[in-house]
Amino acid sequence: MATDQRTRHVTTKPSPTILYVLYGVIALLVLGVGYLLYRNTVLSNEFERERSEIRETVRKNQLANDRQQLQFSMKTFVWAVRNALLQNKAGEINEYFNTLVKDRGIKEMLLVDPAGQVTISTNKKNQGISFASRFPTDLLGQDDVYFKDGVPYELSAPVTSPNERLGTLVMFYKPAPILPDSLSSQ
């Protein structure tokens, strides 16, 4: 007696209210994800704008600080060079230059005579050449400490005695980066 017992699967159709609730939940989730993506984009843009503003502020502050410190240093250094020139101690000036160029940032120091010839330089290849042949001539015509923003900074200061110009002191200075290269390129 084999009885055939087959199970029947009865499929019931979900009620329309359950479908409406399910579609409503899905719609709310899509709207929520959309809002979160929009909000993330807005906040990311705001963060980048603020970050750029801070970097620019830091750059301006560093430039102002560097300008002030380097101009003061040049004024002081000119006095030492002037005294050595008046005493005909070129070796002493050369020693000053070599000591300074060991410091981070100072790329080159030059002493240019009133005729425009480089008399002393930390780069010996530049000694004896005409300053105008390799460097910006506007550095030589200044009557006070001159600072030009750029990389490197260009500074010059006249070396004067009471009645004549003895020469011009020129310095090229590369400022330290504010942020490491890996962060500044982002």
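The values are calculated or read from the model by the stated rules, or taken from the named source; none is laboratory data. What you see is a predicted model, and the numbers here were worked out from it, not measured in a lab. Ideal geometry is used to build each Cβ from the backbone, glycine not excepted, and the neighbour counts take in all protein chains shown. Heavy atoms of the whole protein, side chains included, go into the accessibility calculation; ligands, DNA and RNA do not. Shrake-Rupley method; radii C 1.70, N 1.55, O 1.52, S 1.80 Å.
Exactly one residue among Arg51, Arg39 is more than 26 Å from Tyr146 (Cα to Cα) and open to solvent by less than 70 Å² (accessible area, probe 1.4 Å), and that residue is Arg51. Here is the figure for the stretch 158-172: residues that are at pLDDT 90 or above and either surrounded by fewer than 10 Cβ atoms within 10 Å (Cβ to Cβ) or within 20 Å of the chain's Cα centre (by Cα) (or both) total 2. Checking Leu85, Leu22 one by one, the residue that is of a type outside the set (Asp, Glu), part of a helix (DSSP H, G or I), more than 30 Å from Ile178 (Cα to Cα) and touching a residue at least 40 places away in the same chain (Cβ under 8 Å) is Leu85 and no other. Screening the stretch 137-157 for residues that are open to solvent by 60 Å² or more (accessible area, probe 1.4 Å) and either in contact (Cβ under 8 Å) with a residue 40 or more places away in the chain or assigned to a strand (DSSP E or B) (or both) and picking the one that is farthest from Val78 (Cα to Cα) gives Asp149.
When you scan the stretch 116-133, do you find a residue that is in contact with a helix residue (DSSP H, G or I) (Cβ under 7 Å, 6 or more places away or on another chain) and within 30 Å of Glu48 (Cα to Cα), even just one? No, the stretch 116-133 contains no residue that is in contact with a helix residue (DSSP H, G or I) (Cβ under 7 Å, 6 or more places away or on another chain) and within 30 Å of Glu48 (Cα to Cα). Can you confirm whether the stretch 61-69 contains a residue that is among the charged types (D, E, K, R), in contact with a strand residue (DSSP E or B) (Cβ under 9 Å, 6 or more places away or on another chain) and part of a helix (DSSP H, G or I)? Looking for residues that are among the charged types (D, E, K, R), in contact with a strand residue (DSSP E or B) (Cβ under 9 Å, 6 or more places away or on another chain) and part of a helix (DSSP H, G or I), one finds at least one in the stretch 61-69, hence yes. Just to be sure before I move on: is Arg55 touching a residue at least 24 places away in the same chain (Cβ under 8 Å), part of a helix (DSSP H, G or I) and farther than 30 Å from Ala157 by Cα in the structure I sent? Against the criterion (touching a residue at least 24 places away in the same chain (Cβ under 8 Å), part of a helix (DSSP H, G or I) and farther than 30 Å from Ala157 by Cα), Arg55 qualifies.
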